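Worksheet: one structure, shown below.
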Amino acid sequence: MSNIEVTALDGERGNITSDSVEELKARVKGQVLLNGDPGYDEARSIWNAMVDKNPGLIVQCAGTSDVVQAVNFARDNNILLSIKGAGHNIAGNAVSDGGLMIDLSGMKSVKVHPTKRRAYVDPGATLGDLDHETLAFGLATPVGINSTTGVAGLTLGGGFGWLSRKYGMTVDNLVSADVVTADGQFVKASEKENPDLFWAIRGGGGNFGIVTMFEFQLHPVGPNLLSGLIVFPFDQAKDVINKHLEYIKVMPEDLNVWMVLRKAPPLPFLSEEVHGKEVVILAFVYDGDPEEGEKAIAPIQGFGDAHGQHIDVMPFAAWQQAFDPLLTPGARNYWKSHNFSEVSDDAIDVMLKYTKLLPSPQCEIFLALVGGEVNKVAPDATAYAHRDADFVLNVHGRWDTPEEDDKCISWARDFFKESAPFAHGSVYVNFMTEEETARISEAYGPNYDRLVQVKNKYDPNNLFKMNQNIKPTV
């Protein structure tokens, strides 16, 4: 019998026996991988290439029973536990050196009940998996803007996307969830069953258990919608942005428009001399009659003299994939984020200053519009509290080589610091990096103390700590 070195829950190094791992393998249907096993390196890899860690063992779960076995094994052996879903995981908390990684990426089932307008989604599903099933019935729920995003991580942090102005946050459309708690119990969380847990998982992250099934409310959408983007010259940026911010105040909730500041990618509708130059991009979706949508976007087309535009009635599922090439795995990523209730002239000036200083052609600043139905929910109705924030700004640093780390990270940090005085003072938890533990109270806002009480009840020993952690006080 040999020993396998692992990291304990308190960060100290320890050992488990190979016999205990063999017993675990016998109890799970999926795979249990150790360092050196075929598939280990692929399993430990995550989307953000800046994160390179080696778990002590990986449990690739085939179903809820496997999740229960893995949770029990980690708890009983006092092993640091991390959870890998299917998406981007900017902070890198899905993996640790020496810990036990629960890999949910193989649990990808999505089932739709079209008459009830419900979707039942496994934790390893991506937005692409969800859209593929729901839009076949002309149904959808508000989720993010990239098909490669994981449903689980997005939802647990709050979740928003193109449809949020009309239908709210992702968590506002969560009807129930199946959860494996720290004591290995399988429970249902909904308004009627374990309502405290249901409240907490709607924005409190993975602090309280592992969700093995999400039940979502669906809405009639498309499946074909008017969508597209308009690219404006950077020398018109201040004027375009101000007109954009004014139009938001009167435009219908069927329309959502997001702003991106970056170097122009080689889009086919842009002339070659524009490629690589700083631009302002307004991207939009109209969830309704395309003819009405054309009327709604007409003012946007008049914001300036555009370099070019691509506007069409297309499958919404295709639009959800339109930006996937900008977020492929394998690049190095570092993000900073602010929420805004309004965007002042000073904030715009900072955005434009740092657009001129972009350290990599893949870096960008994007300003997502939420508002609408999102703002109509009480701050304490779900753990996601920032109902008075109309905008979520992401400083998206992205590059290819370690040699670029310093300049790209410094750019993001400098922008973040200079824009902070004009921001809301809160942050979207899914955009936070591993180092930002000091901002956890900003992420959970006025609901933090209540979240601690739920944490005390469901995870008093902080087994689920590899996240933007809510620490128990018991």
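Structure data summary
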quantity	calculated
Every pair of residues 6+ apart whose Cβ atoms lie under 7 Å, when the first sits in segment 231-242 and is outside any helix (DSSP H, G or I) while the second is polar (S, T, N, Q)	231/309
Selection status of residue 399, buried (at least 20 other Cβ atoms within 10 Å of the Cβ), modelled with pLDDT of 95 or more and touching a Cys at 6+ places or on another chain (Cβ under 6 Å)	yes
Residue count, segment 39-54 (criterion: in a loop (DSSP other than H, G, I, E, B) and within 22 Å of residue 14 (Cα to Cα))	3
Index of the failed condition, residue 152 passing every other in (1) over 30 Å from residue 311 (Cα atoms); (2) over 15 Å from the mean Cα position of the chain (by Cα)	(2)
Residue in segment 413-429 that is out of contact with any His (no Cβ under 8 Å at 6 or more places or on another chain), within 22 Å of residue 150 (Cα to Cα) and either of a type outside the set (S, T, N, Q) or assigned by TED's automatic domain parsing to the domain that holds residue 379 (or both) present	yes
The listed residue being out of contact with any Lys or Arg (no Cβ under 6 Å at 6 or more places or on another chain), within 21 Å of residue 205 (Cβ to Cβ) and either in contact (Cβ under 8 Å) with a residue 24 or more places away in the chain or not in a helix (DSSP H, G or I) (or both), out of 11, 36	11
Verdict on residue 168 being surrounded by 22 or more Cβ atoms within 10 Å (Cβ to Cβ) and under 16 Å from the mean Cα position of the chain (by Cα)	yes
Where residue 444 falls short, out of the listed (1) over 22 Å from residue 144 (Cα atoms); (2) buried (at least 21 other Cβ atoms within 10 Å of the Cβ); (3) at pLDDT below 95	(1)
Matching residues, segment 7-39, being under 29 Å from the mean Cα position of the chain (by Cα) and within 12 Å of residue 80 (Cβ to Cβ)	7, 8, 9, 10, 11
Residues of segment 451-474 satisfying the condition of being part of a helix (DSSP H, G or I), surrounded by 18 or more Cβ atoms within 10 Å (Cβ to Cβ) and among the charged types (D, E, K, R)	455
Elements of type helices (runs of 4 or more DSSP H) in segment 55-173, at least 3 residues being within 30 Å of residue 12 (Cβ to Cβ)	64-76, 151-156
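The values are calculated or read from the model by the stated rules, or taken from the named source; none is laboratory data. Here the structure is a predicted model, which means the values were calculated and not measured. Every residue, glycine among them, receives a Cβ derived from its backbone with ideal geometry; neighbour counts consider all protein chains shown.
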